[in-house]
Amino acid sequence: MKCIDFDHEFMHYAEKWMAENRGKFKNADEMEAQMPDVYLRWLNQSAEWLDGRTPGSYFQAYDDVNELIDWMEEYHRQQVDVPNQLMERIVELGEGGVERLMALARDPEADSGLRVTALNLLNEIGSRAPMEMCMDLIENRAETDELADVAAELLTNLGRVVVEPVLQRMERSSRDAKETFLDVLCNFPGDERIYNYAESAFRNRPERRALFASYLAKLGDERAIEILRPALQYVDLGYLDYIEIRNAIEALGGEVEEEREFFGDPDYESMRSME
């Protein structure tokens, strides 16, 4: 399979266009504003490097989704950027590629970048089939884990159908997994169990107060104001945590009338130096 670098070809096309049209624009920003139109023309212009076909239609000639996924894998092996047009064609073919993409996403021996690409494609396809796999990926996540973060995004995009399965996973999960699951659940307000998890996390994880304050804000439950307001006066509160908690209170309809000063806090001092 020939792995043509579409990004490189477009860059070459764009550089040539800029050289030919530089005098027509007042500044670089005006030229930059034309890039979407330049890209569209490139997509629909026949290219010698594609034997006369256009970049936009090249992968449309292929209907075998497994062949296209093989091709995507080959791009990764050769360390060439996978063309957007190839990935878009896989998404267009939809459910036919789901099983294969799931196998790639869950394969611990596969390249991590390839696994993330496969999961992103599943996210775009919108199938419910990867739900359990995504929860497994989150449950077994490392502290820094791009694959688990994409899995969380996929779950969120599936909608409220994920709430009960995710809640069932919460108790047996690690601290990092609980945090990610809660991030998903807070997109679906109105469930007392989710609110209780978010409130408990804010109370018991002082090192992550800012994050859990944002979760409470996302849930939109005004009761959280009375939980958040006393935290504004904590002696161990950093400036950025203070800002996030204050923002959460205001997002929930509360008011914060008194400002605190955080002399010695590097973030606070940096902000003051810019005033």
Check your understanding: Which ones in region 125-168 are surrounded by fewer than 17 Cβ atoms within 10 Å (Cβ to Cβ) and of a type in the set (Lys, Arg)?
Key -> Arg128, Arg160
Check your understanding: Can you tell me which residues in region 222-251 are within 25 Å of the chain's Cα centre (by Cα), surrounded by 18 or more Cβ atoms within 10 Å (Cβ to Cβ) and farther than 20 Å from Gly264 by Cβ?
Key -> Ala248
Point to revise | Odd one out for Ser214 among (1) over 30 Å from Pro130 (Cβ atoms); (2) hydroxyl-bearing (Ser, Thr, Tyr); (3) buried (at least 16 other Cβ atoms within 10 Å of the Cβ) | key: (1)
Check your understanding: Which is of a type in the set (Asp, Glu), under 24 Å from Lys218 (Cβ atoms) and without any contact (Cβ under 8 Å) to a residue 60 or more places away in the chain, of Glu132, Glu109, Glu153?
Key -> Glu153
Review point. Which residue pairs have Cβ atoms closer than 7 Å, lie 6 or more positions apart in sequence or on different chains, and pair a first residue in region 256-272 that is open to solvent by less than 50 Å² (accessible area, probe 1.4 Å) with a second residue that is hydrophobic (A, V, I, L, M, F, W, C) and modelled with pLDDT of 90 or more?
Key: Val256/Leu232; Val256/Ile249; Tyr268/Phe262
Exercise for review: For Ile90, indicate whether it is within 22 Å of Asp63 (Cβ to Cβ), open to solvent by less than 20 Å² (accessible area, probe 1.4 Å) and of a type in the set (A, V, I, L, M, F, W, C).
Suggested key: yes
Review point. So which of Leu104, Leu114, Leu119 is surrounded by 17 or more Cβ atoms within 10 Å (Cβ to Cβ), under 22 Å from Trp71 (Cβ atoms), within 15 Å of the chain's Cα centre (by Cα) and in contact (Cβ under 8 Å) with a residue 24 or more places away in the chain?
Key: Leu119
Exercise for review: Can you confirm whether region 54-64 contains a residue that is within 30 Å of Glu109 (Cα to Cα), in contact with a Pro (Cβ under 8 Å, 6 or more places away or on another chain), surrounded by 17 or more Cβ atoms within 10 Å (Cβ to Cβ) and in contact (Cβ under 8 Å) with a residue 60 or more places away in the chain?
Suggested key: no
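The values are calculated or read from the model by the stated rules, or taken from the named source; none is laboratory data. Bear in mind that the values here come from a model prediction, so they are computed numbers and not experimental data. Methodologically, a virtual Cβ is constructed for each residue, glycine included, from the backbone with ideal geometry; neighbour enumeration extends over all protein chains shown. All accessible areas refer to the heavy atoms of the entire protein, side chains included, with ligands and DNA or RNA removed. Shrake-Rupley method; radii C 1.70, N 1.55, O 1.52, S 1.80 Å.
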